[in-house]
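Presented below is the structure to which this report refers.
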Amino acid sequence: ETLQRIVSTLVNKNDEIHNFIDMLNHTISNVQVNSSNAISELDEEFDGLYSVLHEMKGSMANTIQQEEARKIQALQDQLSQCSRALEGSEELLELAVQSLDIKNPVELLEAARQIKDSVTVASAFRLSLKPKVSDSMTHMMVDFALEKRMLQAVKFLPVPKAPEIEVAACLVADNCITISWRMPEEDSRIDHFVLEYRKTNFDGLPRIKGEQHWEVVDYIKDTQYTLSGLKFDTKYMNLRVQACNKAVAGEYSDPVTLETKAFVFSLDSTSSHLNLKVEDTYVEWDPTGGKGQEKIKGKENKNRSNTASPKRSTNSPRASARGGRDRFAGESYTVLGDTAVESGQHYWEVRAQKDCKSYSVGVTYRNPGKFDQLGKTNSSWCIHVNNWLQTTFSAKHNNKAKTLDIPVPDRIGVYCDFDGGQLSFYNASSKALLHTFRTKFTQPLLPGFMIWCGGLTVSTGLQVPSAVKTLLKSENGLGGSTSSLNNVAQ
């Protein structure tokens, strides 16, 4: 025995080393890929910077050229004005020189008056002899000294540290997981967080082999997030978080494993009534299902009682739950779940099609009779809805019924406390209590469903809702005064 334990320990250690080697090889491959990606991203950043600088250079050069053209145009306009003024001034000067040769005083006086009047309005005397613009272009110069120092100081962004998940603040309830984390030190460059999660049946650290891929929730701005609407079809959930700034993501936090308790089962198609079409968690009444098979049904049942289902071994827990019972027959349009309730508190929900004529939802002990109907034996409990002709809603057990004078909900929640001897039915939307059976369960229970003219969808992998727990506490505090059908007449 000691040697077996040693060998077993060695085998486990070998498996751990193999898994670790796989992880190291996987990490090496990721380092190579990520390094190549980092170089590509660096090239893109510098190419983008070159592009910005080139665009800025073109824009600024264009501005200088526009300023040059503006100044030259202003100076050329002023030059044209000066040329015209000089031309007029020279004409006046020539006229004045000619006037000096006039001998007649009267003619000289008249010529002098005309020259005076012409000089008074001459443009040369109104012309500014100062350039309108300067030849300086210093206002178009740039100094990149500061920018050069900034560029020379460019380094890789610091990698954010790994967040720390606060396990005590994490909450698993109502098929939701609320996870909280904090940064080991304040980092103002953090832009967002990335949360990854995956389902697992192992309570230890995540493994490389046989694990599901991580599901990703990106761009989380807060240090808390709630995953809602989950189906808990595994025992645990692995979660990890990483912090990201604008360009780089940090290391993942140490992963945490949270337990996700829930009751999971499928519908047992191998023993359902022939008039029922069963697919995992959906059952539909099929009026043609049994035709052409009635003659060989007895032979089928005889052979089936000694033949295991091809889908599941008879050694499996689910197979042992239903035993070797024949199919339901007659008017017992029933299908059972393939997993038994043997202890604990469990919850599942059922939704009926709107045009469904009749259906029952409940539980039964293992191996009911092939003609038994839910609620009509002392080993089954259910609530029954009949929409044929007129709607009736009742709770049934041991062939006794109690009318429920309440509206029929769209979805029915079933709560089973095996150890506490309680079976309760709820409006799954409002969590209002519909009915409670109280008894002492002496055998494992199988979920049971009866359907006629319609279909049912079963939702499993659900936790007991918080609202139901609160109602149960209140109900138990009041003494649990719910009705029993043990003494209620048909």
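The values are calculated or read from the model by the stated rules, or taken from the named source; none is laboratory data. This structure is a prediction, so every number in the text was calculated from the model and none was measured. Positions of Cβ are generated from backbone atoms using ideal geometry, with glycine treated the same way; all protein chains shown enter the neighbour counts. Calculation scope for accessible area: heavy atoms of the full protein, side chains included, ligands and nucleic acids excluded. Shrake-Rupley method; radii C 1.70, N 1.55, O 1.52, S 1.80 Å.
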Can you compute the helix-only [θ] at 222 nm over the chain? Use -39500 (n - 2.57) per DSSP H run of at least 4 residues, normalise by all residues, nearest 500 deg cm²/dmol. -11000 deg cm²/dmol
Between Leu129 and Val248, what is the label-to-label distance in nm when each label sits 7 Å out along the Cα-to-Cβ direction? 6.9
Expected field for Glu55, accessible surface area in Å² at 1.4 Å probe radius, rounded to 10, holds 130
Need one word for the range 347-490: rounded, prolate or oblate. Basis is the Cα gyration tensor (sqrt eigenvalues a ≥ b ≥ c); a/c below 1.5 gives rounded, then a/b vs b/c decides. rounded
Entries in Lys357/Lys402; Lys277/Lys431; Lys221/Lys246; Lys199/Lys261; Lys400/Lys431; Lys231/Lys440 that, when Cα-Cα distance is taken, lie over 22 Å: Lys277/Lys431; Lys400/Lys431; Lys231/Lys440
Run the Debye formula on the Cα coordinates of the range 164-259, all scatterers equal and no solvent, and tell me log10 I(q)/I(0) at q = 0.19, 0.23, 0.24 1/Å. -0.91, -1.27, -1.35
accessible surface per residue for the chain, probe 1.4 Å, DNA/RNA/ligands not counted, whole Å² -> 62
Let me know the whole percent of all Cα-Cα pairs from the range 35-137 that are separated by more than 17 Å. 71
Does the range 113-179 come out rounded, prolate or oblate by the C-alpha gyration tensor, with a ≥ b ≥ c the root eigenvalues, rounded set by a/c under 1.5 and, if not, prolate when a/b is larger than b/c and oblate if not? oblate
Express in whole angstrom the spacing between the alpha-carbon centres of the range 167-201 and the range 330-407. 41
Could you work out the relative contact order of the range 164-259? I mean the mean sequence separation of Cα pairs under 8 Å and 6+ apart, divided by the number of residues, in percent. 35
Assign unit charges at the C-beta atoms only (+1 for Lys and Arg, -1 for Asp and Glu), then state the dipole size of the chain relative to its Cα centre in Debye, rounded to the nearest 20. 3740
Per principal axis, largest first, the Cα atoms of the range 356-438 extend in Å by 31, 31, 19
How high is the relative contact order of the chain, in percent, counting Cα pairs under 8 Å that sit 6 or more residues apart? 12
For the chain, what is the largest minus smallest coordinate of the Cα atoms on each principal axis, given in angstrom and ordered from greatest to least? 156, 72, 55
Check: C-alpha center the range 1-79 vs C-alpha center the range 420-443, spacing in Å is 59
